[in-house]
Structure formats: C-alpha cells, structure tokens
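A short write-up of the structure that comes next.
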Amino acid sequence: MLIPHPLLGLRDAQEFTYLGDARLIDRPNGMAENAAEAFHDYVYLRDNPAGVHRELWFHEQGDRSWLIVTRDTTTHEILGAELARDVALTRRGALSEGGAQA
Amino acid sequence: MTQLSGGLIDRGRTIRFRFDGKDYQGHPGDTLASALLANGVTLMGRSFKYHRPRGVFSAGSEEPNALVELRTGARREPNTRATVVELFDGLEASSQNRWPSLKHDFMAVNDLFANFFAAGFYYKTFMWPRAFWEKIYEPAIRKAAGLGSLSFQADPDAYDKGFLHCDLLVIGGGAAGLAAALTAGRAGARVILADEDFRLGGRLLAETHLLDGAPATRWIDRVQAELDSLPNVRVMTRTTVWGAFDHGVYGAVERVSDHLPDPNGAVRQTLWRITAQRTVLAAGATERHIPFANNDRPGVMLAGAVRAYANRWAALPDGPVAIFTNNDDGHRTALDLAEKGVTIAGVVDARPDARSLGRYQLFAGGMVTDTKGRHGLTRIEVAQNGQTTWLDCGALGVSGGWNPNVHIASHHRGRPVWDDGLQAFVPGEGGPVGLSAAGAAAGQGATGAALASGAAVAQAALAAIGVDAALPDLPQAESEFTAPHPVWHVPGKGRAWVDFQNDVTVKDVKLAHQENLRPVEHLKRWTTLGMATDQGKTANVTALAVMAELTGQSIQNTGTTIFRPPYTPVSMSVLGGGDTGANFRPRRLTPTHKWAKAQGAVFIEVGQWMRAQYFPRPGETTWRQTVDREVLATRKGVGICDVTTLGKVDVQGADAAEFLDRIYANAMKSLKVGMVRYGLMLREDGHACDDGTCARLADDHYVVTTTTAQAGPVYRHMEYARQCLWPELDVQLISTTDAWAQIAIAGPNARKLLERVVDGVDLSNEAFPIMACASLTVCQGLRARLFRISFSGELAYELAVPARYGNALIQRLIEVGADLGAVPYGTEALGVMRIERAMPQATS
Amino acid sequence: MRFSGFRVIKEALTGHKGWKPLWRNPEPQASYDIVIVGGGGHGLATAYYLAKTFGKARIAVLEKGWLGSGNIGRNTTIIRSNYMLPGNEPFYEFSMKLWENLEQEFNFNAMVSQRGILNLLHTDAQRDAFRRRGNAMLLAGADAELLDQAGVRAMYPWLNFDNARFPIKGGLLQRRAGTARHDGVAWGYARGADERGVDLIQNCEVTGFRIENGRVRGVETSRGYIAAGKVGVAVAGSSGRVMEKAGMRLPIESHVLQAFVSEGLKPTIPGVITFGAGHFYVSQSDKGGLVFGGDIDGYNSYAQRGNIPVIEDVAEGGMALMPMIGRARLLRVWGGIMDMSMDGSPFIDRTPVEGLYLNAGWCYGGFKATPASGYSFAHLIATDTPHDTARAYRLDRFRRGYAIDEKGMGAQPNLH
Amino acid sequence: MTDLLETTALGLDGPAVERHGGFTISENADLALASLALRRDGTDPAPFGLTLPGPGGWVQGGGIAAFWTGPGQWMVEAPGGAARDFAGELKSACPDASVTEQTDGWIAFEIQSHAGANAITGLVEKLVNVDTGRICPGFATRTGLEHMSVFVIRRSEENLAVIGMRSAAGTLWHALTHAAARIQEGSA
C-alpha cells in the first residue's frame, strides 16, 4: 500500500504505524459528568465500517507526522490524507468559536 | 527421438547434463524438458496420488507433470518444472515421488486401487480405532503424498531484494508486451518490461508466423535492441511478476543466476517490489486440454506445446504425431509439423464441420476415446461416426482452446467474466486499479490483434497519467485466431484426467456433483482440483465447465475459484530475502558494549538491545553466585551499570510543562528546574503502561525517560498527544535515546566516586539532594548530565555523557573507583535490588 | 448414510453409485424456531449441537455464499489449548476435549491430528512467561511441558540454533495440540446437522433483522423474510457489518490476516512450531504443503487480501527459523477477515435485543475454538444461560473491567 | 578538552572506511548534528545564514548543512564539529527555536560511488523503497531500511549518506556493505 502523505507524496505504508478510527482524536473530557461512559465508548467502540473509513496512521519511519487517511476498507482505495494536527486545530477552532470547549 | 532442423537453440555448443543418473547432452537455448525430449526421454515424472507415469505436458510455467528435483546437496530444489529450467552445464536433476525408480515405482500400486481412492474417500474412513490415525493412517498418507523432498540443509545461496518505480509496468514480453513497451518507451515514459522466459518474444518464439514477411525473431531482436538503447526502459527477462498488491505495487522475482551452474557467491534471485503508476498485463494465454480416457500418458501434450517444442526447440517424442482439437489452432500444429517432415498420424477434430487445412488425415466430428502405452504413448483410439480406429503415434497434441492468463488481473478478487464468443474467461471488473490486460491475456490472441492491442492499451494507460504516446509502426502479421467449439470432455467409461498432477478425473467431478459438493470452491476442496503446484492452470476451467454441464448452470454462473498470488510458486529463500542469520533483525548495542564484552559479560536481549545481564568472574560457576556478588558489592561499595537503553525524550517549548502534566498521571508542572520526578503513564483504559523519570533542565526544557521496551510506543503516544489531542500547545519532541550514554552509579560510595570524575561541582546532599539534576562537565570538560535518582534504593546517580564517550567513562569509573569497591553490575542484579527494595518493576 | 472403510470398499466395487449428497439443498421455510446466521465452522457447529445435544428442531443455517466459505475454509488448521487466563484456558481445553472425539462422534474424518505444538522461547523472561502459562494450562486440566534447548533440538534438529538472531533456548510444548483438516470440520458439522434435520441454506444473505419491541422476530434475506424465534449470529469477519443491521456497535475491528501454503513436499515438519520473535508459525498438511502464517497486516480491512510487507515478514521469519525451507516454494497466499476484539478474546453472549445472540471476536484463533464455540453458543441459545467455560465472554466486560487480555496490549485490536 | 577517548559507533577506535564493490563507505564520526524545531510564535530561523529546506530537501552552505525532518523541524549538520558543543552554538544562533543535541544519537555512513551516479541509483534500489527518480542531489528523506529507521541524503551525484541510529550501527554497516558488494558482483 502507498499512503499519499500531504507533504511527502506517495510513501510506502510500511513506514507507518496504524492506530485506527480517526474519532480517537475527539478525546472526551475526563472531568465531565458522564466521563466514565464516554471513555468506555471512546476506548472500546470504534468505527469499523465496510467502506469509507477515516483512520489514524503515524509516519513512524518518516517525518513523525500523524495523518488522517480516508480509505475504503473494502477496496483499500485511499481517498485522501491530511495532517492530523491540521484537522485537530481546525476542530479546536470550530469548537472554540462555538464556545463549547471548556 | 525425433530431432528436427531449425529452432532457437545453439547447436554450435553442447551442454552436458544428467537426469536420474544418466548423462545427456543439450544446447544453449534448451530447457531441461526440451533437452530430455530431444534425447528421447518422455517419462519425466509420477503423479501425486496414483503415481501414474507422466511426461511433459506443456512448454511453460503451467506444467503439471514434468516436475523434478533440480540440483543436488543443499541446493536441491524439489518440484521444479523441467519446462522452465534453462539448461546449464553440469545440470543434475532427478525424478520424484517414486521408489525405487521412475520406471518401476512401487507406489504405482495405488493406481490399481484407484477406485477406492475416489474424491474425498479419506473423509469417510480411517476413523477407527481412534489412535490409529496419528500412528498408522496419517503417516502412510503423508509418506505417499507430497512430491519432491527438501535436502534438510540450509540454502547456501545469496538472495537480494529491492524496489523499483516506473510509469508503466508491462508484464509479459510477447507480441502485446513488446508493442506496449515500445509504445511507452518511445514516449519517454519510465517502463519496466518483465518476462518470465529467458528470451523475449513469448509465444512468437514458438510460432512460425512471419512478421512483415520475416521470421518473428527478427522483429523481436529489433525491438529488444531499441528498448535496450532507451535509458527510460528496463527490460527484465527471467523475471516473473507473481502478484498484484494495493496501489500499483507488484511482486516480482528475477532469477539472476539460476541459469548458471553455480552462482559463485552472486545473488541467485532477487525479490523486486515494483511500484507502477500503470500496468499492462500481457501475460498471454494457456492452452487447455480435452479430457478423454487415459489421456495422461507420456506423449499426450498440449498441441501448442508440441508446436513449441518442434519450432523453438526442434524436438519431439518419437514417432508420428496425432492431434485432437476443437479449434483451428490444433491444425496449425499439424501444419507446422508436417512442414518439418514429421508424420502426422491424423487430426481428430471434434467439430463435425471441420475442414482440413493441410495434407493430413482428418477425423471431422471425431473424438479420441482411449490410449495405449505404459511409459509412453504408442496408440490412440479415435471414434468417428460410431466407429473406432486405433492410430499408432508417439505423441498426441490436444487443443481445447486457450484460456487468457487472467490471474494477475484477478488478484484483487476481481472475477473474470465468461466470453461466449471466445469461449474463455477474460479479465473482469474489480481487478487491480491501474492494470489493463492486452493481447492474449485479454482474449486478443491473434498475433496482429495482440500487437495492436498491446500498443493501444499502453497508449491509453499513459494517457491516464498525462503522457502522450504515439502508436508505433507495427509489423504485418497473419491472423490466425478462431474460437473453439465447446467440447469439455469426451464421455466414456475410462478415467479421463482433468487435473494431472493431483489425479482429478472427470469421474471425480461427477462424484462431487453427486455428493452435492457443487459450488466450485466445494468441487476444488473435495477433489483437490487445482490445488497442486500448477494451481490448475490447465485444469480449472475445464473442470468447472464439466460441473456446469452437470448442474445445467452457465459457465459464468458456475464461476471460477479465487485467483491468489503467487502466479507461479516463489522460493521461500527469495521471499525471506537476504539476512536470515545473526542479522535477521537489527541488534542495538549499548555505548559500553565493547567494554562489557571484554569483561566477559553475559548479555541478555531486551527488545532489540543487548544488555549486560551479569559479569561473571573466574571461579563463579553459576549466574546466581555472580549476581549475589554484584548486589552485595553495590550495597557495600559502589556498583556501575549501563542504563542507556531507557528511552529518552527531549521535551521543549513554552507549554512543555502543561504537556507533561497531561501526559503523566502525576503532576509535572510543579517540578522545579534542576529537579527530577518519577512519572507514571496510563493507557486510556486506565492501565499503567510506562514509568520513568522526568527531569526539568530549564523552564521550557525537560528530559523524560521511558522503559527500554516502551521507548518507541511512548514516543509515538507523545507525538499523538502533541499533534492530535492538544495541537494548540507549544511543545517540541525529539528522541535522544541513542545520543547519551547513561551510567547508573549506585551504592554508599557513589558520591565519592562521582566526585572523582565531576569537574568542580558540589555534590553534597545539600547542594545536590535526592532527585536533583544538573548539566555539568566531567573528566575535564566533557559535557554531561547528572541525575540523582535511584531504582535500587541506594544512594545513586545516573550520569549521562555523549554516547561516544560511554565506553571510556565506564572504564574510568571502574578504574578510579577501585579502592571504593567499584564493580559493574548487570540487569539481573538491578532486578534483584529493585525487588528487594520493593521498587516498581518495569511493565512488560 | 454412515461412512466407514467397509462402505468405501463397497462403493468402489459398485461404481460409487450409492454415495448420497452430504447435505440437502432445502428451500428456506417461512419460519424456524432458531436461525443461525453464518454457515461457517462456528455456525454449523452451533446448529449441530443445538439439534444433537440440546434436542432442538426447526433450525436453519443461513449462509450468504457456500458452506464453510468463511474463515473455516481459510486458516492454518491449528488446534490447541495453550492459553493462560482463567477466562480462556478452560474454554479452549473444553474445545480440545471435543476435538479428541469429534470424528467418531460425527462420523466424518476431519483428520484431527495431535502432533503437538511447540512455542519457541529465546529469553529468560519468555521462559518465565511460558512456565507461568504452562502451569495455568495444567491447572485447567490441559497438558504442557517446558522444554530446554536440548529438548527442542531433539524434536527439530534442523532449526537454526547456531547462527540465529534469536537463539532458541527452549519451548513450551503441548503434545495434545495439533491440526485438523479445516474443510473437513465444516463438512462434518454440516453433514451431522443436515442429518438431524437442520436446513442448511446456501446463497442466502441476511440483509436485515426484524426487531419489534426490543425482540427479534426474524431476518430479512436475499431469499425473502424468514421468521425466527431466536437468531444466533456467527459471522466472524462480517460481525461488524451484520450487527450494524441490528443497530449495534461492537468492540471489534475487522482486520486482514494472510496465510500461506507451500508446494507439496515429502514429510518435513511433524508438528506445529511457533516462532513468536520472528512472527512465524508453521505445520505441514497431510498433502505435504507447509502451512504457515504470521502477523495480521494491521489495518482495518474487509478486502480479504493483504499486502507484500507481511508476506516478506513471514517468509523472513520462516527462513530465520528453518533455513532448510529455502528451496521450498510458496504456492499460495490468502487473506481472511478477522474480527479482532479489543482484548483479543471472543464474545458468546446475548445482545440487548431479546432473542438475538452473538458469537464473535475470535480474532485469528477461531478455528481451534470451533467445537467449544458451537457447543457453548448452542447452550446459550437453547438454555439462555452461558456454558460454564464461556461465562467470561460477555459483551459488557469492558464496562465492568473484566477484559480478558492474554497479550496485555489493551484496547488496540491490531496488537492482539 | 576531556581526556576520555571516543569509541566509534562500530565500537572501533577510529572511523571505518571500506571499499565494497564500486563504493567507498565511510563512517562520518566527526559530523555534529543538532535538531532544530520551530516554536509556536518563533520566526523562521536561518541558522548561520542558511535558508532551511522544505519537505524532502537538503541544503548546505556556510560550512553547515540541513535537511527537513518533519513539519517545522530540521536536522542541522556541522561537518567536523562532533567534538564541539554544536547544539549550543546553534541555540545561540536560533534562540527562538528548540534545539537538541543529536550528534551521538546517530551515525552517518557516507557512500561514495566510483562508478558514477547510476551506481548510486542501483544501490538505493536495493536499500530503500523511495523512487530513485526523486533521489537527486539535494534530496533527503527518512525511511525504513532493513527494519531500521534511517535518513537518506543524496549529497551529490556520486555521494549518498545514510544516517541511522547509533546503537544499530553494526546492523546498518552490515546492510550497506553487503548491498554495495553485491552491486559489484552482480555487474561483474
């Protein structure tokens, strides 16, 4: 497999370490009332679709970037890849504009 | 033997070789199979189950019968197809799956009891008494099964692997492949052309077609010369592309020196991982046969193979040749052979309206119904219009049409589709992205069509990646393809083989139908159809057509089994690559390794690291004695231990403190500059996953340590936290594990010893208390870091210096600490001291 | 029809005319008491035990493809009970005991062969861990022996002892472990179930569940609606897909595992060997092929095919362990979908939907569990209480803090 | 100046230099390395006047060189500077950035081809899965090599550097020399 690194172009997937479901970047607030329940779902229930899946890959043998790769699990076709940091910052921005983040 | 004139062998040179202990001669250009045929050898192997005598059946990698053990000693290579072994001087081969000899095989007794060994018989018996399965039945089955045997010696040859990248990969160097490579090469694209044969040309080499009025080899040579001259084209012969993987990655094996008597230390085979933007599959087609009673005798061959042996290698089995066909292609064999002066015993054409294309006896609407000849074909029985005749012949060429080699196009579980016009499966949807088939592999088997298709498919493939390619001028070729008339087997009483190697007959297919194992996967598994070393290349389509006939389903709906890599079997050695011994995986050495080794240390593997486990001294006979001494000496005087393997991460940035506060279970923000704190990390599920220390070197600068085993995962997690969870924090990370040699100095005399190496720093308890840290210099100006931390409960420090000085430092510490009782200790003593002091042990 | 050596001889002498279909091809009925979704090993075994042991009738097994087309038809055939944790070991030992009498019981030779499994060890730490595991096995009534290097050498003198990156220091041997012919297991259960009246319905894909008031009423299929009193789902790699139709998210990820077979060879490797340090395990089939494998590819997948790095990795491991296999050739690589759970252990449990039961999460170790899984699942469906040995395989165990994590890797499915 | 003696990454007293095939492979023990990472509000640094390269790039000038290692992160090389506190110098030059000493974290093996640029390409094909069409002078990347993580830098047409973990220097040396020797054998 080849991962289209946003900065480095196509790279051998062997350079990467796989984590899984990109929802893991949305870590629940540990201080919230329902934290136990939220963490159970966060830790143990991942998206496992037969089809398009957004997932985290770490360029461990490369530039040490975490990527969010969009991939079809039935064909392995890759539809895109972004720097996870950019995605996380965007979400932060969106959240703080909405004033939701404590 | 029948030796013919012409052929693509160099009669000017002679090659000596040996088969089953007998000496023979052949010529450059020969394969083992062609040379054996030229020497009059037709019996080459025994089948898997019934140990039936078998001769060569094909002229390529689809060969089910002529399997040999090639070479001797540690280089012995079982199950090698004689049809693809390039002859070399001194070649030695032996037949296999027989005892005591190929001619007189004791296990051929199986054939007499063949009726008992029908498909699936072993599922129905051998169950009583229970203990007999492992003790009696199974060993007997195992001994009779299998084919060749391994030498049980390590492979002495060298193997290599590598990576190639190209715009266009062309698989197959026949008419279509050459046209594709030429098209792309001239357009300036980066091209790789790979062909499994040792000579480019593919099927053209076996044919007498003229291209632009001249022998095909003239065009092939011209194209090859041009491709060789183009710096953007890499021509790889003896290279089999064996699998298609995701995103245009292909596995290929180049047989670098398999054609040499001895690689002489050079690489034998290279595994290439080829990344191609686009791929043209021009892998040709494989002829299929038509099962009839006793169709497996040596001398019964594919008609196209008979033609290949005659045209390319100028060799045939003894005696007249007969043909059994359901299409025009069978006639071409008769024509070519007749041209060479071979007697044609007759052409049996299953088509009632068949017309003769030359001067030979034609049996239109005929069928071959039986054969004779124990170790080699002598006669065939022909049935026509209700009458039977026996014809004398030494060889029978059978042609049931051609199956496009759709394998690699189907490696992504793409299912081939049945083309009624062609009477063949062609590549279907769902194949590897970026791959298109051309030539015979796409059902374009006529030479002219193959050439045109190769060029056109390459042009389209390049257009998709933005390369404009002009179609090259292609030679004029005769057109010669006609679709076969569907005849899938000859009905009759005798056993008619479908899969030769695994001895699957039409009756077995019928039995599978009778017992309701009708889905094609059940058929395969129940009968073992297509599970032999040839993966049923000449058998599967025929068998599923027979099943379709029985169920009344269409061939398309009956479907194929799944095509999976490799296309042809690949040696374990080349897949396993080069280093299988001590360099199988990286080994990490500590900065003091050289010194420890000189001290006679016993090393232990910790992750990839080799750490000193203990340092035995003369007279110590058990590890326990040594470890006890090391512990006591440390407790009493001072012990020294290399702890470099602990992971180290340099953490900087304005928010470094906040970041570490979040990473650890305990607080780090409150840590003062110049101090160290023990830290515990938790997984998201609450389990402890790592522990270590966190030292604050400056307001915005920390160094944290991890356990040896978790150095990688902890760093990965910290990057994850930094990039994904808290991207707003200003923090920078980098591993410094290898940069610093870190030495633990523990025991009541630790301070005294340190004072002797540290450059003018007050190490008193007041100035440098427990959990203090500092940057300083040692041994006259060497930059160093000192941490007052202990994992063994003693007065202890860890001293870090640039790794290159670690070896000298530990030596120096031992030297200057001699009077303080300085001794080195290893991981075992470290563990003992930690446990004795109830310090937490690193998680595993 | 009863199979026997006598019967084989009789049929051979009479032209094999008397062999009957191994199972019928029934049309699906409008309703069943129990519908099992998935005609793989676990589903077929469940139906078999429901009919045979628990006396249930009106059972159907619905299979979207052909019987045994899931992981039962695509694995490395190893059977063993060498686990450590109390949640696991009694279950797998129960399975081993069922294996030991399986063929006589269902009158079909599945070639259960107790040729022993040897887990190699290379370090002191591994020896300690294996000793601990061996003791746990003994406590659960299984067999285990810790071998030193000489013991390993006596069994397999051709392993790489001398120039190895990971020198072999010993191994944990379970003699009663071994292999079984995977297709034979599926066929044996299928035949046994069919004989007891179970309808095995092939080419029948479940496309949805009909659930009313929190209770399952039946399943929608590609061959129409089928009403059912109870529905048991045993679809291995498709668990995520199928249970989504019942509105459930599972603590499971689907991953691809590749497995390998070499060309046929004369007897080479008598037992099963695992080389954890090199990500490689191997045995030899009765047909002579070396059957081997290694790690999963490591990314979520439903594509049933893997990629080349794992092929190389496994071959490297094999060559490092036994350099004498170098001249053997790889014949075929295949990939199957594993339902990797969050702790590496399976689920046999009721679901929040009444009457809907789930058997899933076998990771890449489901084959050896087939008999016990079928038996326990049948027990659960028939009696609505878990079988004694499968009590720990609950869906809510993470919420309750009872993960069964043999490898200690935590909630990272691709590391189990 | 310390009186402790250096040991090279290969455990020798001096840097290894060997010829294998058409290549000379030498251990660059004198190379100082320091990583440089941007801070949140830091200005783009130009250490000692060197403009830092973008992804995949390596530049040299003013007696130092640098290559991109990750977003906002570079490795700066100072040939011959291993004995100095190069990280300290770099930090003084770029006070706004995070600087970390990396000299002994790595070992650089310099490979010189005596058979032209094509031989370098041939060697790279056997070592790492990076398109040789991209590995032109001025190219640097981090990738995998025989289960190790390495930096590969094309310093010039005929010079390639492979920088790996210091602790695995022996394994890396073996891999490089082995591959280099085979290139010659194969083409002989």
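Give me a count of the residues in region B:748-802 that are more than 14 Å from every other protein chain (Cβ to nearest Cβ) and of a type in the set (Val, Ile, Thr).
Here the count works out to 3.
Determine whether B:LEU462 is assigned to a strand (DSSP E or B) and open to solvent by less than 10 Å² (accessible area, probe 1.4 Å).
For B:LEU462, the condition - assigned to a strand (DSSP E or B) and open to solvent by less than 10 Å² (accessible area, probe 1.4 Å) - is not met.
Are any of the residues in region D:130-138 out of contact with any Leu (no Cβ under 8 Å at 6 or more places or on another chain), facing another protein chain (nearest Cβ under 9 Å) and either of a type in the set (A, V, I, L, M, F, W, C) or buried (at least 23 other Cβ atoms within 10 Å of the Cβ) (or both)?
So far as region D:130-138 goes, yes, one or more of its residues are out of contact with any Leu (no Cβ under 8 Å at 6 or more places or on another chain), facing another protein chain (nearest Cβ under 9 Å) and either of a type in the set (A, V, I, L, M, F, W, C) or buried (at least 23 other Cβ atoms within 10 Å of the Cβ) (or both).
Considering only helices (runs of 4 or more DSSP H) fully contained in region B:138-234, which possess at least 1 residues that are open to solvent by 10 Å² or more (accessible area, probe 1.4 Å), touching a helix residue (DSSP H, G or I) at 6+ places or on another chain (Cβ under 9 Å) and within 14 Å of chain C (Cβ to nearest Cβ)?
On the way: elements: B:138-144, B:175-186, B:216-229.
Because the criterion is at least 1 residues that are open to solvent by 10 Å² or more (accessible area, probe 1.4 Å), touching a helix residue (DSSP H, G or I) at 6+ places or on another chain (Cβ under 9 Å) and within 14 Å of chain C (Cβ to nearest Cβ), the helices (runs of 4 or more DSSP H) in region B:138-234 that meet it are B:138-144.
Have a look at C:HIS122, C:HIS182 and point out the one that is in contact with a Phe, Trp or Tyr (Cβ under 7 Å, 6 or more places away or on another chain) and either over 30 Å from B:PHE126 (Cα atoms) or of a type in the set (Gly, Ala, Ser) (or both). Spell out how you get there, then give the answer.
On the way: C:HIS182 fails: either over 30 Å from B:PHE126 (Cα atoms) or of a type in the set (Gly, Ala, Ser) (or both).
Criteria check complete, one pass: C:HIS122.
Identify the single condition in (1) in contact (Cβ under 8 Å) with a residue 24 or more places away in the chain; (2) touching an Asp or Glu at 6+ places or on another chain (Cβ under 7 Å) that B:LEU523 does not satisfy, given that it satisfies every other one.
(2)
Considering C:GLY276, C:GLY318, which residue is facing another protein chain (nearest Cβ under 7 Å) and either surrounded by 24 or more Cβ atoms within 10 Å (Cβ to Cβ) or out of contact with any Gly (no Cβ under 8 Å at 6 or more places or on another chain) (or both)? Talk me through it step by step, then tell me what you get.
Values: C:GLY276 fails: facing another protein chain (nearest Cβ under 7 Å).
Criteria check complete, one pass: C:GLY318.
Is there a residue being open to solvent by 10 Å² or more (accessible area, probe 1.4 Å), in contact with an Asp or Glu (Cβ under 6 Å, 6 or more places away or on another chain) and on the phi > 0 side of the Ramachandran plot anywhere in region C:327-346?
Checking region C:327-346: at least one residue is open to solvent by 10 Å² or more (accessible area, probe 1.4 Å), in contact with an Asp or Glu (Cβ under 6 Å, 6 or more places away or on another chain) and on the phi > 0 side of the Ramachandran plot.
Would a scan of region C:392-412 turn up a residue that is in contact with a Ser or Thr (Cβ under 8 Å, 6 or more places away or on another chain), modelled with pLDDT of 95 or more, away from every other protein chain (no Cβ under 14 Å) and closer than 29 Å to A:TYR42 by Cα?
yes
Each row is one residue, and each column tells you yes or no for (1) open to solvent by less than 20 Å² (accessible area, probe 1.4 Å); (2) in contact (Cβ under 8 Å) with a residue 12 or more places away in the chain; (3) β-branched (Val, Ile, Thr).
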residue: B:MET681; (1), (2), (3): yes, yes, no
residue: B:THR693; (1), (2), (3): yes, yes, yes
residue: B:ARG696; (1), (2), (3): no, yes, no
residue: B:PRO713; (1), (2), (3): no, yes, no
residue: B:THR737; (1), (2), (3): yes, yes, yes
residue: B:GLU755; (1), (2), (3): no, no, no
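In the set B:LEU36, B:LEU43, which member is open to solvent by less than 40 Å² (accessible area, probe 1.4 Å) and without any contact (Cβ under 8 Å) to a residue 60 or more places away in the chain?
Working: B:LEU43 fails: without any contact (Cβ under 8 Å) to a residue 60 or more places away in the chain.
From the options B:LEU36, B:LEU43, the qualifying one is B:LEU36.
Where residues in region C:350-378 are in a strand (DSSP E or B) and open to solvent by less than 10 Å² (accessible area, probe 1.4 Å), which of them is nearest to the other protein chains (Cβ to nearest Cβ)? So that I can check it myself, show each step before the final result.
As a first pass, look at region C:350-378 and keep what is in a strand (DSSP E or B): C:350, C:354, C:356-360.
In the following step, the residues that additionally are open to solvent by less than 10 Å² (accessible area, probe 1.4 Å) were identified as C:356-360.
Details: C:LEU356: 18, C:TYR357: 20, C:LEU358: 14, C:ASN359: 17, C:ALA360: 11 Å.
The extreme case among them is C:ALA360.
With closer than 20 Å to C:PHE106 by Cβ and touching a residue at least 24 places away in the same chain (Cβ under 8 Å) as the only criterion, which of C:GLY5, C:GLY38 stands out? Let's see the steps before the verdict.
Numbers: C:GLY5 fails: touching a residue at least 24 places away in the same chain (Cβ under 8 Å).
Every option except C:GLY38 fails the conditions.
For D:GLY144, indicate whether it is within 12 Å of chain B (Cβ to nearest Cβ), in contact with an Asp or Glu (Cβ under 6 Å, 6 or more places away or on another chain) and open to solvent by 10 Å² or more (accessible area, probe 1.4 Å). I'd like the intermediate steps shown before the answer.
Details: within 12 Å of chain B (Cβ to nearest Cβ): yes; in contact with an Asp or Glu (Cβ under 6 Å, 6 or more places away or on another chain): yes; open to solvent by 10 Å² or more (accessible area, probe 1.4 Å): yes.
Yes; evaluated as a whole, the condition is true for this residue.
Considering region D:157-170 alone, what residues qualify as being open to solvent by 10 Å² or more (accessible area, probe 1.4 Å), within 13 Å of the chain's Cα centre (by Cα) and more than 14 Å from D:PHE23 (Cβ to Cβ)?
D:MET165, D:ARG166
Kindly indicate whether B:ASP89 is without any contact (Cβ under 8 Å) to a residue 40 or more places away in the chain, assigned to a loop (DSSP other than H, G, I, E, B) and either over 30 Å from B:ASN405 (Cα atoms) or open to solvent by 10 Å² or more (accessible area, probe 1.4 Å) (or both). Lay out the reasoning, then the answer.
Numbers: without any contact (Cβ under 8 Å) to a residue 40 or more places away in the chain: no; assigned to a loop (DSSP other than H, G, I, E, B): yes; either over 30 Å from B:ASN405 (Cα atoms) or open to solvent by 10 Å² or more (accessible area, probe 1.4 Å) (or both): yes.
Here the answer is no, as B:ASP89 does not meet what is asked.
Could you tell me how many of the residues in region C:300-332 are closer than 25 Å to B:ALA532 by Cβ and either in contact with a His (Cβ under 8 Å, 6 or more places away or on another chain) or part of a loop (DSSP other than H, G, I, E, B) (or both)?
Qualifying residue count for the region: 8.
Among (1) within 9 Å of another protein chain (Cβ to nearest Cβ); (2) touching a Leu at 6+ places or on another chain (Cβ under 8 Å); (3) part of a helix (DSSP H, G or I); (4) open to solvent by 10 Å² or more (accessible area, probe 1.4 Å), where does B:GLU728 come up short?
B:GLU728 satisfies all of (1) within 9 Å of another protein chain (Cβ to nearest Cβ); (2) touching a Leu at 6+ places or on another chain (Cβ under 8 Å); (3) part of a helix (DSSP H, G or I); (4) open to solvent by 10 Å² or more (accessible area, probe 1.4 Å) except (3).
Would you be able to say whether some residue in region B:549-558 is among the small types (Gly, Ala, Ser) and open to solvent by less than 10 Å² (accessible area, probe 1.4 Å)? Before you say what the answer is, go through the steps one by one.
The initial filter retains those residues of region B:549-558 that are among the small types (Gly, Ala, Ser), namely B:552, B:554.
Now drop any that are not open to solvent by less than 10 Å² (accessible area, probe 1.4 Å), which leaves none.
The answer is no, given that none of the residues of region B:549-558 is among the small types (Gly, Ala, Ser) and open to solvent by less than 10 Å² (accessible area, probe 1.4 Å).
Which of the residues that make up region B:540-590 are in a helix (DSSP H, G or I), in contact (Cβ under 8 Å) with a residue 60 or more places away in the chain and facing chain C (nearest Cβ under 9 Å)?
Across region B:540-590, the qualifying residues are B:SER573, B:VAL574, B:LEU575.
I'd like the residue in region B:771-824 that is under 15 Å from B:THR590 (Cα atoms) and free of Cβ contacts under 8 Å to residues at least 60 places away in the same chain and, out of all such residues, is nearest to the chain's Cα centre (by Cα).
For region B:771-824, the residue satisfying everything is B:ALA808.
Please pick out the residue among D:SER98, D:SER167, D:SER113, D:SER149 that is of a type in the set (S, T, N, Q) and out of contact with any Lys or Arg (no Cβ under 9 Å at 6 or more places or on another chain). I'd like the intermediate steps shown before the answer.
Details: D:SER98 fails: out of contact with any Lys or Arg (no Cβ under 9 Å at 6 or more places or on another chain); D:SER167 fails: out of contact with any Lys or Arg (no Cβ under 9 Å at 6 or more places or on another chain); D:SER149 fails: out of contact with any Lys or Arg (no Cβ under 9 Å at 6 or more places or on another chain).
Going through D:SER98, D:SER167, D:SER113, D:SER149 in turn, just one is of a type in the set (S, T, N, Q) and out of contact with any Lys or Arg (no Cβ under 9 Å at 6 or more places or on another chain): D:SER113.
Could you figure out which of (1) surrounded by fewer than 22 Cβ atoms within 10 Å (Cβ to Cβ); (2) within 14 Å of chain B (Cβ to nearest Cβ); (3) within 17 Å of the chain's Cα centre (by Cα) isn't true of C:ILE78?
(2)
Please enumerate the residues belonging to region B:507-539 that are assigned to a helix (DSSP H, G or I), more than 9 Å from chain C (Cβ to nearest Cβ) and either under 21 Å from C:ASP286 (Cβ atoms) or open to solvent by less than 10 Å² (accessible area, probe 1.4 Å) (or both).
Within region B:507-539, B:ASP508, B:VAL509, B:ALA512, B:LEU523, B:LYS524, B:THR527 qualify.
Look at B:VAL406 and say whether it is in contact with a Gly (Cβ under 7 Å, 6 or more places away or on another chain) and hydrophobic (A, V, I, L, M, F, W, C). Break it down stepwise before answering.
Numbers: in contact with a Gly (Cβ under 7 Å, 6 or more places away or on another chain): no; hydrophobic (A, V, I, L, M, F, W, C): yes.
Considered against the rule, which asks whether it is in contact with a Gly (Cβ under 7 Å, 6 or more places away or on another chain) and hydrophobic (A, V, I, L, M, F, W, C), B:VAL406 comes out as no.
Looking at (1) facing another protein chain (nearest Cβ under 7 Å); (2) over 16 Å from C:HIS255 (Cα atoms), can you tell me which one A:MET31 breaks?
For A:MET31, the exception is condition (1).
The values are calculated or read from the model by the stated rules, or taken from the named source; none is laboratory data. Computed from a prediction, not measured in an experiment: that's the story for all the values here. Here Cβ is always computed from backbone atoms with ideal geometry, including for glycine, and neighbour counts include all displayed protein chains. Only protein heavy atoms, including side chains, enter the accessible area calculation; ligands, DNA and RNA are left aside. Shrake-Rupley method; radii C 1.70, N 1.55, O 1.52, S 1.80 Å.
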